[in-house]
1. Is it fair to say residue 250 is within 26 Å of residue 407 (Cβ to Cβ) and either part of a loop (DSSP other than H, G, I, E, B) or over 18 Å from the mean Cα position of the chain (by Cα) (or both)?
2. Please indicate, with yes or no, whether at least one residue in the stretch 210-230 is assigned to a loop (DSSP other than H, G, I, E, B), in the same structural domain as residue 292 (by TED's automatic domain parsing), on the phi < 0 side of the Ramachandran plot and without any contact (Cβ under 8 Å) to a residue 24 or more places away in the chain.
3. Return a yes/no flag: does the stretch 187-201 have any residue that is without any contact (Cβ under 8 Å) to a residue 24 or more places away in the chain and farther than 24 Å from residue 144 by Cβ.
4. May I ask you to list the residues in the stretch 411-430 that are more than 16 Å from residue 145 (Cα to Cα) and surrounded by 13 or more Cβ atoms within 10 Å (Cβ to Cβ)?
5. Could you please let me know if residue 252 is surrounded by 24 or more Cβ atoms within 10 Å (Cβ to Cβ), in the same structural domain as residue 324 (by TED's automatic domain parsing) and within 26 Å of residue 332 (Cβ to Cβ)?
6. From the list 107, 44, 69, which residue is buried (at least 17 other Cβ atoms within 10 Å of the Cβ), without any contact (Cβ under 8 Å) to a residue 60 or more places away in the chain and within 23 Å of the chain's Cα centre (by Cα)?
7. Output the residues belonging to the stretch 370-384 that are buried (at least 18 other Cβ atoms within 10 Å of the Cβ) and either in contact with a helix residue (DSSP H, G or I) (Cβ under 9 Å, 6 or more places away or on another chain) or under 19 Å from residue 319 (Cα atoms) (or both).
8. When the stretch 238-247 is examined, which residues are found to be touching a residue at least 12 places away in the same chain (Cβ under 8 Å) and either out of contact with any helix residue (DSSP H, G or I) (no Cβ under 7 Å at 6 or more places or on another chain) or not in a helix (DSSP H, G or I) (or both)?
């Protein structure tokens with residue numbers, strides 16, 4: 001057993017989110033008790049002791065839309081004219097980069113951001129992968145990286161028509177194999193069925209994916225109305241907007257993640273609500289790609305479960321939290337906006353979304369939940385308590401303050417030192433591979 005205590009406990013459990021001196025008892029990969037430090041030390045005298053030394057003890061952060069494969073784009077210069085819209089960003093960058101990846105590239109491009117997750121306190125990610133010329137085995141490479149780093153990961157391969165029927169069929173098979181191997185099982189890895197976006201999926205392919213998914217009942221993970229081009233394409237193909245088209249084709253539902261949903265109407269929001277579809281807001285990516293801002297306030301008010309992701313822009317969910325807050329204020333023109341919506345997305349809805357893909361609860365420090373715990377070395381300059389914890393987290397926390405990261409009861413980082421990984425050696429090999437990727441690009 002492991003006992004983490006002598007810290008300010010931010011459990012995020014409704015009604016009792018904070019206690020001044022708390023501890024977490026862990027048996028295997030699950031939390032078995034939460035309470036005052038003295039009480040739990042007396043109850044579990046033989047447990048291994050991890051002293052929080054007054055730091056904040058809280059659940060690890062969850063990222064519900066991530067692209068690990070984007071790693072090798074960092075620092076790469078495009079020789080083309082700068083993209084002027086979202087479709088050109090896809091065509092000139094991402095749809096060329098993913099074609100340049102080998103299976104070894106997939107593995108190393110996953111390792112580095114997963115290490116960044118550990119260092120910034122993100123303990124669970126829902127990844128969305130593409131490598132059209134290295135489809136078969138690609139999700140297993142990501143699973144290998146996740147298991148070696150220790151970060152909880154849900155896999156998905158984004159099926160599309162843009163590289164031909166054979167690669168499309170390989171993508172379907174890759175999703176099904178991963179879902180059968182990992183979904184609903186104990187351990188760090190889960191899987192769902194990835195789709196790219198409406199604009200790269202024909203009705204025939206959507207039907208093929210729906211039929212294949214019917215075998216496993218996984219739901220889908222798909223980009224939805226991220227750029228206006230997705231809407232224009234859906235209207236041209238079907239006379240329907242993106243959400244409407246996906247609903248008619250049986251893609252939406254309570255286990256489906258619709259990432260982005262920037263360009264959606266009130267009617268589409270109603271469809272998302274009616275189908276129980278999960279939405280993920282990615283504020284930094286949407287700003288960086290200049291596609292607009294999702295109507296998160298309207299979706300949340302309608303009862304749509306909207307979570308928070310990074311779309312590969314960062315591994316630091318504290319960063320995404322801050323961006324979501326200021327963007328919500330900027331777009332609405334209301335300085336009071338975001339105070340309720342952002343913690344709902346980052347904590348309640350991310351917990352709800354991620355828990356669909358793993359057999360035990362996530363995102364809270366409570367008995368029965370996964371033992372995914374971080375210690376944050378935050379020295380509060382003002383009183384910190386149950387009623388103002390989010391203000392402290394929003395304006396005082398960042399990934400660089402994470403001292404210790406524990407996933408599934410295993411200590412991955414302590415006092416900012418990775419315990420099981422040689423980051424320098426991994427980064428050195430990644431740089432060697434990146435040169436070759438850039439040459440192929």
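The values are calculated or read from the model by the stated rules, or taken from the named source; none is laboratory data. Here the structure is a predicted model, which means the values were calculated and not measured. Counting neighbours? That spans all protein chains shown, and the Cβs are built from the backbone with ideal geometry, glycine included.
1. Judged against the criteria, residue 250 is not a match.
2. No, the conditions are met nowhere in the stretch 210-230.
3. No.
4. 411, 413, 414, 416
5. In short, no.
6. It is 107.
7. Matches in the stretch 370-384: 373, 374, 375, 376, 378, 384.
8. Listed by number, the list holds a single entry, 241.
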